[in-house]
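Values in this text are rule-based calculations from the coordinates and carry no lab data. Quick caveat, the model's predicted, so the values are computed rather than measured. With ideal geometry, Cβ positions are generated from the backbone for all residues, glycine too; neighbour counts draw on all protein chains shown.
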Amino acid sequence: MIDTNPHFPDSPTHPFNNFYHNKRVLVTGHTGFKGSWLSLWLTRLEAEVAGFSAYLPSDPCNFEVLGLEKMVSHVVGDIRILPELKKIFEDFQPQIVFHLAAQPILRVSYNDPKLTFDTNVGGTVNVLECIRRTESVEGAVIITSDKCYRNVEWIWGYRENDALGGDDPYSASKACAEMAINSYCQSFFSKERGVNVASTRAGNVIGGGDWAEYRIIPDCVRAWSEDEKAIVRNPQSTRPWQHVLEPLSGYLWLGALLGSDHRISGEAFNFGPKPDVIQPVSSLIAEFRKYWEKAQWEVRDENFRRMESRLLKLCCDKALSILNWQAILSFEQTVEFTASWYRRFYEGQDDMREFSKQQIVKYCRLATERSMDWMKE
């Protein structure tokens with residue numbers, strides 16, 4: 001049974017211009033890390049949420065930890081199989097679509113490149129095709145990755161009009177997905193059609209509830225919860241770390257604006273952190289250790305460095321100029337939000353849904369203090 005009273009206590013009201021109130025919103029990949037947080041936030045916004053996902057991606061899984069099966073319509077299906085995807089579009093008749101379902105792990109892309117391309121490219125095309133054929137859809141936000149850029153490791157941030165590409169299967173699949181999105185936008189989605197579609201590219205996202213393999217924070221908390229040393233591969237690799245709520249606020253604001261402004265349809269937007277949050281892996285671990293007693297780590301060369309870029313930054317001037325969106329958390333706040341969630345979970349607390357809600361409330365309050373447009377009444 002779906003929870004019919006998902007309101008958050010003592011939270012700011014009517015963010016995102018109250019756009020999602022009573023909207024039918026479909027989230028693909030809702031059982032994943034970002035998808036589960038997005039689904040939780042949408043319930044706060046009083047949207048009617050349906051999720052479409054093939055499986056639970058980890059154990060533990062944030063979808064289960066948050067008890068989201070009681071809050072959204074949970075549909076099991078594979079975006080690679082068009083008839084399965086068409087059915088949820090036909091049954092649910094979504095007004096807004098957030099597409100997050102993907103094969104998100106670079107290492108897995110080397111082990112199974114076909115799965116990666118089939119999911120990230122073919123699955124995205126299937127979603128676009130369903131949007132094209134479903135009259136109820138008003139807007140869609142298609143999430144890809146900052147890895148879609150051809151990374152030459154320059155010191156300035158990549159802009160949305162920089163070259164796409166990638167040497168590894170994961171990055172290449174995301175670049176291909178972006179080209180497919182652009183093709184559908186130019187060929188099928190227009191002002192006359194009445195559906196607005198945009199893509200988003202976010203940096204490295206961290207936050208409570210991520211247990212994916214081969215990611216630095218999940219690797220650390222798994223080890224530290226067992227009083228073991230965390231294994232670190234590339235301590236000097238620099239990434240645009242950001243808390244999961246940062247890009248999600250951008251996705252939600254973009255989705256709301258797409259509902260009223262066809263001029264941003266067909267555009268791509270970077271959503272990245274403030275410059276001081278772009279830090280090497282070693283600094284991230286050092287800050288995270290402040291919240292975890294006896295935490296230890298060691299560097300171990302697993303012959304994988306050639307497959308991972310050492311430097312990747314995003315320029316988010318376009319999101320600031322057109323959407324008036326920018327990240328608000330400092331590096332310290334980003335780590336504190338993340339570490340406090342994991343500490344609470346591993347201390348055996350059973351109220352993780354409520355704690356996660358309160359983190360959204362806290363984030364919204366910080367956004368209000370910084371006069372973010374998406375929090376204005």
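Couple of notes before you dig in:
- Packing, as the average of other Cβ atoms within 10 Å across residues, places the peptides 93-102, 260-269 in the order 93-102, 260-269, highest first.
- Percent breakdown of C-alpha pair distances by 10 Å bin, ordered from the shortest bin, for the chain: 5, 25, 36, 26, 7, 0, 0
- Each part reduced to its alpha carbon centroid, the stretch 133-157 and the stretch 31-93 end up 20 Å apart.
- Which of Thr200, Thr368 has the fewest Cβ neighbours within 10 Å, and the rest in rising order: Thr368, Thr200
- Equivalent ellipsoid semi-axes, the stretch 61-219, via Cα gyration tensor eigenvalues times 5, rooted, Å: 25, 22, 15
- Listed peptides 33-40, 337-344 by packing density, highest first (mean Cβ within 10 Å): 33-40, 337-344
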